[in-house]
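First comes the structure, then the notes that go with it.
Values in this text are rule-based calculations from the coordinates and carry no lab data. It should be emphasised that the depicted structure is a prediction, and the values quoted were computed from it without experimental measurement. Reconstructed Cβ throughout: ideal geometry from the backbone, glycine too, with neighbour counts over all protein chains shown.
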Amino acid sequence: MEGEEGDEERLVPLSAIESYAYCPRQCALVHVEQSYADNLYTLRGIHVHERVHAGDEGESSGYPALRSLTVFSDRLGLIGQADLVELRPDGPYPVEYKAGRIHRTPAELQLCGQALCLEEMYAVPVPLGAIYRAAAHTRREVSLDASLRALCETTILAVRGLLRSGRMPPPTTEERRCRGCSVREACLPDIVRDAPRLRGMQSALFRPREPGAEEGP
């Protein structure tokens, strides 16, 4: 993608990979509509990441490490921040930090995106990484294999298409994912899923007020 016009407009944030894999509508609300809002879960995540970047959170692996490292890939048009990258003898080893419950595939895709950036930046293979769960003080190693890499690159293309189009996808069919979502109030998944109710509300919203009718509060 290097050298093409409008490259900056097509850069995909690393965080958008995880968001899209979790729910494309959430990704659009945050990265297209700028409707991000904090709740208890996001504030916990912010606190953990601040501690990681300051060196106050996580386990000591014995390797030197870079914290809050900006990573990028010109080939993929990808940019973001890696929480922690251990500098091991055989190459960089990214560690993604999560505050509480981990949604496996979205988190692994975000980690894989970091690895793809690091491979391009350091010109060495990055076959492994880890996801650290702060609530349990445990880390799980992730094999960044060919299937995960292919899914990651497919997701990056999907995110870029979403950012270009500006279209709003429907809510996820996995309703349990809506619980605890920080953009639930902007998303209104229960209303949007109920087509008759949505049409009724849209009709009422744009119905002209009859002459002499009292205005609402």
- Task: Amide H neighbours of T172 under 5 Å, at least 5 residues apart or on other chains, H built in the peptide plane: list them.
- Result: R25
- Radius 13 Å from Cβ of L66, net charge of other residues (Lys, Arg +1; Asp, Glu -1): 0
- Stretch S15-T154 to full length: gain in nm at 0.36 nm per residue minus the Cα-Cα span? 48.5 nm
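If Lys and Arg each add +1 and Asp and Glu each add -1, what is the summed charge of the other residues whose beta carbon sits under 13 Å from the beta carbon of M121? It would help to have the intermediate numbers written out before the result.
Values: positive: R75; negative: D74, E119, E120.
Once all neighbours under 13 Å are counted, the net charge is -2.
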- L128's amide H: which non-local residues (gap 5+, or another chain) put their own amide H closer than 5 Å, with H modeled 1.01 Å from N in plane and none for Pro or chain starts? L144
